[in-house]
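Note sheet for the following structure.
The values are calculated or read from the model by the stated rules, or taken from the named source; none is laboratory data. Here the structure is a predicted model, which means the values were calculated and not measured. Here the Cβ is made from the backbone with ideal geometry for all residues, glycine too, and neighbour counts use every protein chain on show.
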Amino acid sequence: MALVLQLLPVLLARAQGDPGASLDGRPGDRVNFSCVGVSHPIRWAWAPSFPACRGLSKGRRPILWASSSGTPTVSPVQPFAGRLRALDPSILRLELLLSAGDSGTFFCRGRREEESRTVLHVLGDGADCRAPGPAHALSPPYRSTGESRDPEASKGGGA
């Protein structure tokens with residue numbers, strides 16, 4: 001019971017998002033991000049965990065920002081089009097419908113440059129996003145060729 005009470009604040013923070021939160025989900029799940037500790041958020045950005053899988057370079061990408069009209073602006077060239085929405089006009093909270101490749105860090109930045117971040121892990125995402133190619137098929141011949149050329153490798157009971 002004591003362990004549950006100790007973990008409760010951590011679990012609550014993970015579910016809502018905070019300056020060092022982490023969320024886990026599967027494609028098709030909806031997750032909520034909260035901009036915690038930022039008084040007047042003005043923009044959200046995303047840094048993908050595996051940018052090469054999306055054909056992107058490393059770094060942050062703007063995904064949503066506050067506007068003078070009161071309606072948040074979603075970047076038209078972002079990978080979350082149609083899946084990301086602000087849950088309030090102040091852009092303190094966002095909801096994202098998860099898809100493969102969404103893993104990364106979501107940053108909320110305020111007017112005074114204070115920042116909140118949440119790391120998202122989508123089940124199945126990983127750095128090895130490419131289908132096995134010829135390089136994988138050539139690995140064993142390189143190994144066996146190296147063994148046959150190494151005189152030390154034949155010591156100790158060859159055929």
statement: Filter region 38-60 for residues that are within 10 Å of Arg109 (Cα to Cα) and not hydrophobic (A, V, I, L, M, F, W, C); the one that is modelled with the lowest pLDDT is Ser39
- request: Being in a strand (DSSP E or B) and of a type in the set (Gly, Ala, Ser) is the filter; apply it to region 40-66 and report the residue that is surrounded by the most Cβ atoms within 10 Å (Cβ to Cβ).
  value: Ala45
query: Which one of these does Val31 not meet: (1) at pLDDT 95 or above; (2) touching a Lys or Arg at 6+ places or on another chain (Cβ under 8 Å)?
result: (2)
query: Inside region 49-92, can you point out the residues that are closer than 20 Å to Ser34 by Cα and among the basic types (Lys, Arg)?
result: Arg60, Arg61, Arg83, Arg85
- request: Considering only residues that are modelled with pLDDT under 90 and hydrophobic (A, V, I, L, M, F, W, C), look in region 102-133 and name the one that is surrounded by the most Cβ atoms within 10 Å (Cβ to Cβ).
  value: Cys129
